[in-house]
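The values are calculated or read from the model by the stated rules, or taken from the named source; none is laboratory data. Fair warning: this is a prediction, and the values are worked out from it, not measured in the lab. Cβ coordinates were reconstructed from backbone atoms using ideal geometry, including for glycine residues, and neighbour counts include every protein chain displayed. All accessible areas refer to the heavy atoms of the entire protein, side chains included, with ligands and DNA or RNA removed. Shrake-Rupley method; radii C 1.70, N 1.55, O 1.52, S 1.80 Å.
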Amino acid sequence: MADHGYIYAVSRIRSREQQLLTTPFLESLETSGSEEAAIRLLNEHGWGTAGQSAEEILEEEGRKTWDVIGELVKDLSVFNVFRCENDYHNLKAAIKEACTGGTHPGIYVGDGTYPAKKMEEAVSAREFAALPERMREPAERAMDTLLQTRDGQLCDCILDRAALEATRDAGRASGSDLLALYGELTAAAGDIKIAVRAQRTGKDREFLSIALADCGSLDSGRLADAASDSMEALAAYLDTTAYSGAVEALKKSLCSLERWCDDLMIEKIRPQLTNCFGLDPLAAYILARRTEIKSVRIILTCLRNGCPDSVMRERVRATYV
Amino acid sequence: MENLGIFFALAGAACSALMSGIGSAIGVGRAGQAAAGVVTDDPSKFSKVLILQLLPGTQGIYGLLIAFITLTQIGIMGGSSDISLQKGLLYFAACMPMAFVGLISAMQQSNAAIASIALVNKKPDQFGKAMIFPAMVETYAILALLISILSIFGIASL
């Protein structure tokens, strides 16, 4: 049954989709030769204006996405699945700032579900009860860990896991199949990346049990067992799951794996290009914009640092249109 | 009891106009939202999307036509309105195809019209093809209109 709640919004988004970056356009950016030339091409496409830096352009494009979505959807809480990761980024920043002392402007990001300023105040005063309920326990545990062990990585792991689980649950709570899938894939992709990095750096089973989030499509216990054993065992386990495609990417590099995770999401949202009803085409547009901004950031960074074409191509994501 | 014949005949006419009208109002309203979304970003597509928006509106006109014919036949618009209970029920039954098919086909046609508006938005040169998809749904509204008209005129000659 068609959901007729977002007909106008989906129609507006269909118009906006025509301005999304295509694969040939990204290829022209890759072959533009320099960051300046790539920025000129982006300016001609409507991204930023002459004189703006790459970071300013990308930041503005990210803001534009939420401006248009905010214009079309009155209650943005339906997209909490995308916004809650910003909350955990801010929580991480607030905890580290509180533990190291002093203030560090620019470390907080907007578009979260909870104001960064309030989070900063709550964490610095150790008033965790002022935080949203599901953030209280991981925030307190992460801060205690950092203060007692000075192990920033362990603190990050606690909060990253909490962020993955919050994303997964926000997806399930949204009532949208696509957002639920996004939450699940984000948690699963996060777990796979953590497992691979942990295996490469020789982390033990205990670390993995702290770091891996529970998700429906992966058995975190078996993933931890495999990752603490060997890369072959990890690949063999992944081969038995819905993420068997990751094994090939894993053999190439960690960058290929990250790209594979993003490309999988793009592949899953592509059917929304022909869906005229409901929230899902809007969610797909947000994801498409995030992915293209990520690709442009990769290209501009590679051009700035004179990286070879092969490095760029290995990292640039698939496009939605 | 003696007025039940005219009551049922009138109820049939009312249902025909009412249900087809409701279907068309919902359909045109939904297609209008999609059309407005397109025109917000590209006002040059107004005429194309307006035609697609109006397609689910025809069922309301068919319902009105059936209601008008029925009212004429049963003497509400002039002449004798002495209708037996049996004839009243027959008129009621004759109006039902248009009432139900009008309601459902208008809403389904609006879904097809919304999809076609999205098509025109992306490929304005495909307007002709885009028109055909919602127009196919119209077939069933026309069939219902035809059967209701034939039935109403058939009852008169009984």
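Selection within region A:1-15: residues that are open to solvent by 10 Å² or more (accessible area, probe 1.4 Å) and more than 7 Å from chain B (Cβ to nearest Cβ). The member of this set that is farthest from A:Asn43 (Cα to Cα) is A:Met1. Looking for something within 14 Å of another protein chain (Cβ to nearest Cβ) and surrounded by 15 or more Cβ atoms within 10 Å (Cβ to Cβ) - is there at least one such residue anywhere in region A:253-261? No: zero hits.
Take the residues in region A:270-290 that are open to solvent by less than 20 Å² (accessible area, probe 1.4 Å) and closer than 20 Å to A:Pro24 by Cα, then tell me which one is nearest to the chain's Cα centre (by Cα). Restricting to residues being open to solvent by less than 20 Å² (accessible area, probe 1.4 Å) and closer than 20 Å to A:Pro24 by Cα, the top hit is A:Leu287. Could you give me the residue pairs with C-beta distances under 7 Å whose first residue belongs to region B:65-77 and is farther than 15 Å from B:Leu90 by Cα, whose second residue is open to solvent by 70 Å² or more (accessible area, probe 1.4 Å) wherever it lies, and which are 6+ apart or on separate chains? Matching pairs, first to second residue: B:Ile76/B:Leu10. If I ask for residues that are free of Cβ contacts under 8 Å to residues at least 12 places away in the same chain and among the hydroxyl-bearing types (Ser, Thr, Tyr), which ones from region B:1-46 would you list? Selection gives B:Thr40, B:Ser44.
Do we find a residue being touching a Lys or Arg at 6+ places or on another chain (Cβ under 9 Å) and away from chain A (no Cβ under 14 Å) anywhere in region B:65-75? Scanning region B:65-75 turns up at least one residue that is touching a Lys or Arg at 6+ places or on another chain (Cβ under 9 Å) and away from chain A (no Cβ under 14 Å). Of all residues in region A:72-109, those satisfying the criterion of being in contact (Cβ under 8 Å) with a residue 40 or more places away in the chain and over 21 Å from A:Asp144 (Cβ atoms) are A:Leu72, A:Val73, A:Val78, A:Phe79, A:Asn80, A:Val81, A:Phe82, A:Cys84, A:Glu85.
Just for region A:225-239: of the residues that are in contact with a Lys or Arg (Cβ under 9 Å, 6 or more places away or on another chain) and under 24 Å from A:Asp262 (Cβ atoms), which one is surrounded by the fewest Cβ atoms within 10 Å (Cβ to Cβ)? In this case the residue turns out to be A:Met231. Looking only at residues of region A:25-71 that are among the small types (Gly, Ala, Ser) and within 20 Å of A:Val316 (Cα to Cα), we find that the one that is most open to solvent (accessible area, probe 1.4 Å) is A:Gly33.
Okay, residues lined up against (1) touching a Leu at 6+ places or on another chain (Cβ under 7 Å); (2) open to solvent by 70 Å² or more (accessible area, probe 1.4 Å):
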residue: B:Leu18; (1), (2): no, yes
residue: B:Gly27; (1), (2): no, no
residue: B:Arg30; (1), (2): no, no
residue: B:Met77; (1), (2): yes, yes
residue: B:Gly88; (1), (2): yes, no
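The residue that is modelled with the lowest pLDDT, among those in region A:211-223 that are within 23 Å of A:Glu137 (Cα to Cα) and buried (at least 16 other Cβ atoms within 10 Å of the Cβ), is A:Cys215. Within the set B:Ile51, B:Ile147, the sole residue that is out of contact with any Pro (no Cβ under 9 Å at 6 or more places or on another chain) and either more than 25 Å from A:Gly278 (Cα to Cα) or part of a helix (DSSP H, G or I) (or both) turns out to be B:Ile51.
The single condition from (1) open to solvent by 40 Å² or more (accessible area, probe 1.4 Å); (2) in a helix (DSSP H, G or I); (3) of a type in the set (S, T, N, Q); (4) within 14 Å of chain B (Cβ to nearest Cβ) that A:Ser77 fails is (4). The requirement of being assigned to a loop (DSSP other than H, G, I, E, B) and either within 13 Å of chain A (Cβ to nearest Cβ) or closer than 30 Å to A:Phe277 by Cβ (or both) is fulfilled nowhere in region B:82-89; no residue meets it. Of all residues in region A:122-161, those being open to solvent by less than 50 Å² (accessible area, probe 1.4 Å), within 16 Å of the chain's Cα centre (by Cα) and closer than 18 Å to A:Glu97 by Cβ number 2. Scanning region B:104-115 finds no residues that are in contact (Cβ under 8 Å) with a residue 40 or more places away in the chain, open to solvent by 60 Å² or more (accessible area, probe 1.4 Å) and closer than 30 Å to B:Asn3 by Cα.
For region A:17-63, filtering for residues that are within 14 Å of chain B (Cβ to nearest Cβ) and either in contact with a Gly (Cβ under 8 Å, 6 or more places away or on another chain) or among the charged types (D, E, K, R) (or both) leaves 2. Residue selection: B:Ala99 satisfies the criterion of being at pLDDT 95 or above and either touching a helix residue (DSSP H, G or I) at 6+ places or on another chain (Cβ under 8 Å) or open to solvent by less than 70 Å² (accessible area, probe 1.4 Å) (or both). Among the residues of region B:35-61, just one is of a type in the set (S, T, N, Q), away from chain A (no Cβ under 14 Å) and open to solvent by 40 Å² or more (accessible area, probe 1.4 Å), namely B:Ser47. Taking region A:170-179, which residues are of a type outside the set (A, V, I, L, M) and open to solvent by 40 Å² or more (accessible area, probe 1.4 Å)? Within region A:170-179, A:Arg172, A:Gly175, A:Asp177 meet the criteria.
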